[in-house]
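The values are calculated or read from the model by the stated rules, or taken from the named source; none is laboratory data. These numbers were taken from a predicted model, which means no experiment stands behind them. Please note: Cβ atoms are built from the backbone with ideal geometry, for glycine as well, and neighbour counts cover all protein chains shown. Areas reflect the complete protein model, heavy atoms only, side chains present, ligands, DNA and RNA absent. Shrake-Rupley method; radii C 1.70, N 1.55, O 1.52, S 1.80 Å.
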Amino acid sequence: AAASDEVGAAVAEVAEAALGAARSADVAADAATADAAAMRAEAATAAESAAEEIEELRREMDALRARAEAAELRLSAVEEEGEELRATVDVQQGEFNDLLACLGQETAKVEALQAVLEEQGVDVDDILAKVEEEYGFGDGDDDGEEREED
């Protein structure tokens with residue numbers, strides 16, 4: 001009977017130890033489940049935060065693309081205007097060169113006529129002064145301002 005009591009006590013001890021181990025396993029499983037749930041919640045929060053950040057970055061990228069397109073349009077317009085201005089300058093430079101050539105030709109004519117008239121004894125300076133007075137231009141000494149008459 002004593003052996004049977006000892007076996008019963010040992011069985012009860014083993015059963016109690018197994019029950020304690022099962023309770024510890026349940027507590028550990030509950031803790032692991034709670035940890036897993038917390039990790040899932042953190043992961044969901046992180047995923048949501050990342051999704052919001054990605055959306056914000058997409059909006060910023062769209063805004064930057066729109067600004068870049070507008071800048072490209074303005075640049076294109078400025079380049080077009082620059083080409084038009086270059087063409088205008090080229091035309092005006094050609095006209096200016098033509099005027100300089102005409103002025104040179106007219107100056108040569110005046111000098112030739114002046115030489116012939118001086119050889120014939122004509123006072124060329126007097127004739128030139130009358131022409132300048134009649135047409136309202138001088139020899140350039142007055143800086144473009146009209147002279148006051150006395």
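Some notes on this structure:
- Sole exception among (1) farther than 30 Å from Leu128 by Cβ; (2) surrounded by 10 or more Cβ atoms within 10 Å (Cβ to Cβ); (3) of a type in the set (Gly, Ala, Ser) for Ser4, by number: (2)
- When region 23-45 is filtered for residues that are β-branched (Val, Ile, Thr) and at pLDDT 85 or above, the ones remaining, listed by number, are Thr33, Thr45.
- Answer from Asp62, Asp90 - the residue that is open to solvent by less than 100 Å² (accessible area, probe 1.4 Å), without any contact (Cβ under 8 Å) to a residue 60 or more places away in the chain and not hydrophobic (A, V, I, L, M, F, W, C): Asp62
- Any hit, region 25-45, residues being assigned to a helix (DSSP H, G or I), closer than 30 Å to Ile127 by Cα and free of Cβ contacts under 8 Å to residues at least 12 places away in the same chain: no
- In a residue-by-residue description of region 67-79, the property of being within 18 Å of the chain's Cα centre (by Cα) and β-branched (Val, Ile, Thr) applies to at least one position.
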